[in-house]
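The values are calculated or read from the model by the stated rules, or taken from the named source; none is laboratory data. Just so it is clear, the structure is predicted and the values come from calculations on it, not from any experiment. Here Cβ is always computed from backbone atoms with ideal geometry, including for glycine, and neighbour counts include all displayed protein chains. Surface accessibility is based on the protein's heavy atoms, side chains included, excluding ligands, DNA and RNA. Shrake-Rupley method; radii C 1.70, N 1.55, O 1.52, S 1.80 Å.
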Amino acid sequence: MMSVNNVNSSWYTGSGDDGSTSLFGPERVSKSSPQPEAYGSVDEASAFLGLIRAQIDDKSAAILKRIQNDFYVIMAELASTPDKLSTIDRLDNDRLHWLETQIDLLAEEVEPVTDFVQSGDSKLGALIDVGRTVVRRAERR
């Protein structure tokens, strides 16, 4: 199984100057190809969750940290070539069920939205809205 400890500790590899990037496997692809677009969008979503996590209560921050950990698993899957998929951790339906349960529990603590929500009523609310849109883009990719 692939782990974070196997990641190169250098801030750059120098091997992508030609516009290509390595996948987890033997292939290199264009940095603008669908796989890097997809895992790059998930990475951006994780960064936004981190920004939000740094500004919220501990209970909610713990939930976001678990989601960020799931995002690492998703990014590894998206960066893998078909021959390497069997060697990495994958998310299962239990993780989806956990997330849906967290959403349901949090929904019990807030009033239902009855009108169109416009970003900017608070800094944290606006950050959450940007994070939501980045997550939605990652989902589309």
More than 22 Å apart - percent of Cα-Cα pairs taken over the stretch 50-123:
43 percent
Highest average packing first - 33-43, 126-136, Cβ atoms within 10 Å
33-43, 126-136
Once you have the alpha carbon radius of gyration of the stretch 4-141, what is it after dividing by 2.2 N^0.38 Å, with N set to its residue count?
1.21
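Using per-residue counts of other Cβ atoms within 10 Å, averaged over each peptide, order 14-27, 101-114 from highest down.
Descending packing order for the listed peptides: 14-27, 101-114.
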Going Cα to Cα from LYS31, which lysines come in below 27 Å? Please leave out same-chain ones fewer than 8 positions away.
LYS84
Accessible area of ARG66 in the full protein assembly, 1.4 Å probe (Å², nearest 10):
110 Å²
Considering the zone a paramagnetic label at SER33 would reach in this model (a point 7 Å from Cα along the Cα-to-Cβ line), which residues of the stretch 70-98 have amide N under 18 Å from it?
75-86
From Cα pairs below 8 angstrom and at least 6 apart in sequence, can you work out the relative contact order of the chain, rounded to a whole percent?
32 percent
Taking Cα atoms of the stretch 9-87, Rg/Rh with Kirkwood Rh, to two decimals?
1.06
Cut-off under 30 Å on the C-alpha distance; same-chain residues fewer than 8 positions from LYS59 excluded. Which lysines are left, in chain and number order?
LYS123
